[in-house]
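Comments concern the structure below.
Values in this text are rule-based calculations from the coordinates and carry no lab data. If you're wondering where the values come from, they're calculated on a predicted model, not measured in any experiment. Neighbour counts are summed over all protein chains in view; Cβ atoms, including those assigned to glycine, are modelled from backbone coordinates with ideal geometry.
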Amino acid sequence: MKKEEVNIKKSSAHVSNNLGIIGFILSIIGLITLFIYLYAGLVLGILALIFCIIQLKKRRNGLAIAGLVLSIIVLAIGVFRIVSVIWVYYSLKSSIESGSEQLREMTENIGNFP
C-alpha cells in the first residue's frame, strides 16, 4: 500500500512541474517573437505569466521562477514598445501638421514678392 502512495506522489510531482517548463518555454519564445511581431510576443508573455503563476502556487521550482521573470521582462518590453510607437506617431503627426502650415505660408508669400 505504501509503495503505491509513493508512486502517486512521485508522478503527481512530475506532472505538476510541466506548467513551469511550459511557462519558461513560452516566455523564451515570447521574448524572441516580441521583436518580430509585437502582439504575438505579448500574448505569449501573458500565457507564460499565467502558467508560471499556477506552477508557483502548486510547487516552487527554478524553471517557474525563471519563466516568471522572463515573462515579466517580455511584458515590460512589449508595453515600452507600444508606448514608444504611440509617442513617435503623435510626435510625427504634430511635426507634419506644423510643417504643412509653414509650407502653406511659404506658398502664399511667393506671390507677394515684387
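The stretch between S94 and F35 holds 18.5 nm of extra length on full extension. This uses 0.36 nm per residue minus the Cα-Cα distance. Computed from the C-alpha gyration tensor, the three semi-axes of the ellipsoid equivalent to the stretch 40-114 are 54, 8, 6 Å, from longest to shortest.
For the stretch 33-63, run through the chymotrypsin sites (Phe, Trp or Tyr not before Pro) and keep only the ones in DSSP coil with at most 15 other Cβ atoms within 10 Å of their Cβ. Listed in order of number, the matching sites are F35, Y37. Per-residue Karplus couplings for the stretch 59-68, computed as 6.51 cos²θ - 1.76 cosθ + 1.60 with θ equal to phi - 60°, are listed in order as 7, 6, 8, x, 5, 5, 5, 5, x, 4 Hz, Gly and Pro entered as x.
Taking 0.36 nm per residue of sequence separation and removing the Cα-Cα distance, the E105/A76 pair yields an extension gain of 6.1 nm.
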